[in-house]
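The values are calculated or read from the model by the stated rules, or taken from the named source; none is laboratory data. Computed from a predicted structure; not experimentally measured. Every residue, glycine among them, receives a Cβ derived from its backbone with ideal geometry; neighbour counts consider all protein chains shown. Each accessible area value is taken on the protein alone, full model and side chains, heavy atoms only, with ligands, DNA and RNA left out. Shrake-Rupley method; radii C 1.70, N 1.55, O 1.52, S 1.80 Å.
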Amino acid sequence: MSVETAKILPLRDGAGTKPKIVAKNVQKYFGNVLAMEDISCTINEREFVAIIGPSGCGKSTFLYLIAGFEKASQGELLINNELVVGPGPDRGVVFQEFVLFPWLTVLRNATLGLDIKGVPRQEAEERARKWLRLTGLSGFENAYPSSLSGGMKQRVAIARALSYDPEVLLLDEPFGALDVQTKNYMIQDLQNLWVEANRTIVMITHSVSEAVQLADRVLILSSRPSRIIADVAIKLPHPRDLRDPQVRRYEDEVTALLSAEVDKAMKRERQTFAGRS
Amino acid sequence: MSNATPSAPFAGVADEQRLRSILYRGAASAFLFALPIIVFLLIWETTVRLGWINATILPSPSNIARRAWVLLDPADPAKSILLTHIVVSLWRALSSFALACVLAIPMGLFLGLNRTAYLIASPLLSLLLPLPAVAWAPIFLVIFGQGDITIIAVCFLGAFFPILYSTIQGVRAIGRHSLWVVRSMGASRFDIFRRVLLPGALPALISGLKLGMAHSWRTLVAAEMLAALTHGLGFMIFAARSYMDVSTMFVGIVCLALIGLLIERGVFGSLEALTIHRWHGNGKVGSHR
Ligand SMILES: Nc1ncnc2c1ncn2[C@@H]1O[C@H](COP(=O)(O)OP(=O)(O)O)[C@@H](O)[C@H]1O
Ligand SMILES: [Mg+2]
């Protein structure tokens, strides 16, 4: 890790209390398939919220709704008390599949948001270089994405989102494709980046330990059609160690809630299957 | 990373060595490319000289070369017959290609982006794409008569459909997530076009341009045979028929092959080297998809 991020981290005194993202009875249909039944939640300013749930339950969909890529079929989504009508530079998205542009170098990928904003090139490069440094990508500025490993691509995607300084960071399984070593580094990095960036972060994950290690709150979604079945506040200082018994206790709690939900879903599926045959 | 990072005093030596090895490799690959052709020409020459083949039907390579030299008339390039034919043919092929680009690329972008338009146009395109462009030549002859307009129109059709088709496919292959990335950065329509659609479609576009140019060049010969009044390589080949001048026909054929090769390797090869190969390293095209 770079020297800059390795400094002693302050204890966070909790997130702000001003609502940043508000979902009110959000429902989402794809055709006549109900993907989300009824989601209501409030995410406060500078809060780090992890969303966890069985795969296919609509986590990415929820993120795309917040980002403004998809439209809710029912209910409403508010950012800063204003209705979300489309994507905007106040929300930075890091996709699970990186979605880097192969025709741009690492540096140009990272400056993209600033280039679009019309920030002068030199300033844009300065700001992008800072995040590339913090994500451990110094020396790769002029490489093309095709020459990078999956972990490095993921970090470019994160640096790209951070460089243009969005108020809200939306991360879709940002460590999903990484090997364990890289992942541990990235979790460390993200904790530090979060303190550095001082932003609201919504992170989707299917890993309980990731969620418990990083988030102020963990929202647990049910299987499709999804609802929020639990909202667990993790009241522990950062950085957290997974071996810490208190962290373990939260991990067990979230795991129990999640496996109960997965069990229920499986049973339901088997019943419908049995009923059909 | 480079395997040799010598300290400063030796850097010049390493550079020279690298340059030499690049030159050496270039010469070697050129030799390997030329070798089968040289062997083929030697066999041809021998069989003709030994009288195994009638030289009035198949002239020897040396004979063809001599004829080319006469037609080329290197002493006075301004009046060179062969050069005039080549320039006229190139002008026709390139102008029809340019015209095809100007129309097919924007149209392809539009059809690639607009689902309804694509659904309407797609069946028509499927019919028109495999149709050999020369089939239109008689119709254009009826409309425009013999001359440049007919030739350019036929070549244009040869180039137009491959370029249009590739552009459409290139745009359609761009994932919606790529568009979402720039839209979430507040991109305008022009930003989306310039920063995602155009570069994203470029690999497919380049292969479409390559195909379009090749089609245009092929169509040209047939079109010139049918519709040219005075000049062009196709005209030269066809006109030589009246005098049973087989050597001249072969000169024309060799010129067509060489120019085709030069365009394919020289123009599109370097275009690819500047774009796709640089993005993907060592020609691993499409490794990101
Ligand atoms: N564009 C779409 N069209 C139709 N169905 C979709 C679309 N996007 C997602 N879905 C469906 O909605 C459900 C939730 O998808 P997603 O949000 O990707 O789940 P997760 O991210 O939790 O794995 C899935 O069953 C998926 O098949
Ligand atoms: Mg997902």
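For beta carbons closer than 8 Å, sequence separation of 6+ or different chains, a first residue in region A:64-90 that is free of Cβ contacts under 8 Å to residues at least 12 places away in the same chain and more than 16 Å from ligand 2 (Cβ to nearest atom) and a second that is of a type in the set (D, E) and open to solvent by 20 Å² or more (accessible area, probe 1.4 Å), the qualifying pairs are A:L83/A:E76. Select from region A:54-69 the residues that are part of a loop (DSSP other than H, G, I, E, B) and more than 6 Å from ligand 1 (Cβ to nearest atom) and list them in ascending order. Within region A:54-69, A:P54, A:G68, A:F69 qualify. Scanning region A:63-112 for residues that are in contact with a Phe, Trp or Tyr (Cβ under 7 Å, 6 or more places away or on another chain) and more than 8 Å from chain B (Cβ to nearest Cβ), we see that the one that is nearest to A:E126 (Cα to Cα) is A:A110. The one condition from (1) closer than 26 Å to A:T105 by Cβ; (2) in a helix (DSSP H, G or I); (3) hydroxyl-bearing (S, T, Y) that A:S138 does not meet is (2). If you filter region A:38-47 down to residues that are open to solvent by 10 Å² or more (accessible area, probe 1.4 Å) and within 16 Å of ligand 1 (Cβ to nearest atom), you find that the one that is farthest from the other protein chains (Cβ to nearest Cβ) is A:D38. Only residues that are open to solvent by 20 Å² or more (accessible area, probe 1.4 Å) and either β-branched (V, I, T) or at pLDDT 75 or above (or both) were counted across region A:180-206, and they come to 11.
The residues in region B:49-65 that are at negative phi and either loosely packed, with under 11 Cβ neighbours inside 10 Å or touching a residue at least 40 places away in the same chain (Cβ under 8 Å) (or both) can be counted, and the count is 9. Across region B:100-139, the qualifying residues are those that are out of contact with any helix residue (DSSP H, G or I) (no Cβ under 7 Å at 6 or more places or on another chain), assigned to a helix (DSSP H, G or I) and not hydrophobic (A, V, I, L, M, F, W, C), and the one among them that is least open to solvent (accessible area, probe 1.4 Å) is B:S122. Tell me, yes or no, whether region A:15-27 has at least one residue that is within 12 Å of ligand 1 (Cβ to nearest atom) and either among the aromatic types (F, W, Y) or within 20 Å of A:D172 (Cα to Cα) (or both). The answer is no; no qualifying residue exists.
Taking every residue in region A:222-246 that is away from ligand 2 (no atom under 16 Å from the Cβ) and pairing it with any residue that is among the aromatic types (F, W, Y), at least 6 positions away or on another chain, the pairs with Cβ-Cβ distances below 8 Å are A:V232/A:Y250; A:I234/A:Y250; A:L236/A:Y250.
Could you go through region B:9-23 and let me know if any residue there is closer than 24 Å to B:I253 by Cα and either at pLDDT 85 or above or part of a loop (DSSP other than H, G, I, E, B) (or both). Checking region B:9-23: not a single residue is closer than 24 Å to B:I253 by Cα and either at pLDDT 85 or above or part of a loop (DSSP other than H, G, I, E, B) (or both).
The residues of region B:35-48 that are surrounded by 13 or more Cβ atoms within 10 Å (Cβ to Cβ) and of a type outside the set (A, V, I, L, M, F, W, C), listed by number, are B:E45, B:T47. When we screen A:E125, A:E97 for residues that are part of a loop (DSSP other than H, G, I, E, B) and charged (D, E, K, R), the only hit is A:E97. Checking each residue in region A:79-108 for being open to solvent by 20 Å² or more (accessible area, probe 1.4 Å) and aliphatic (A, V, I, L, M) picks out A:L83, A:V84, A:V85, A:L100, A:L104. Considering each of A:A35, A:A50, A:A23 in turn, give the residue that is modelled with pLDDT of 90 or more, buried (at least 22 other Cβ atoms within 10 Å of the Cβ) and within 16 Å of ligand 2 (Cβ to nearest atom). The conditions single out A:A50. Only one of these is touching a residue at least 24 places away in the same chain (Cβ under 8 Å) and at negative phi: B:F144, B:F190, B:F160. Name it. It is B:F160. Scanning region A:152-167 for residues that are outside any helix (DSSP H, G or I) and either under 12 Å from A:V106 (Cα atoms) or open to solvent by 10 Å² or more (accessible area, probe 1.4 Å) (or both) returns A:D165, A:E167. Scanning region A:168-216 for residues that are part of a strand (DSSP E or B) and more than 16 Å from ligand 1 (Cβ to nearest atom) yields A:V168, A:L169, A:T200, A:I201.
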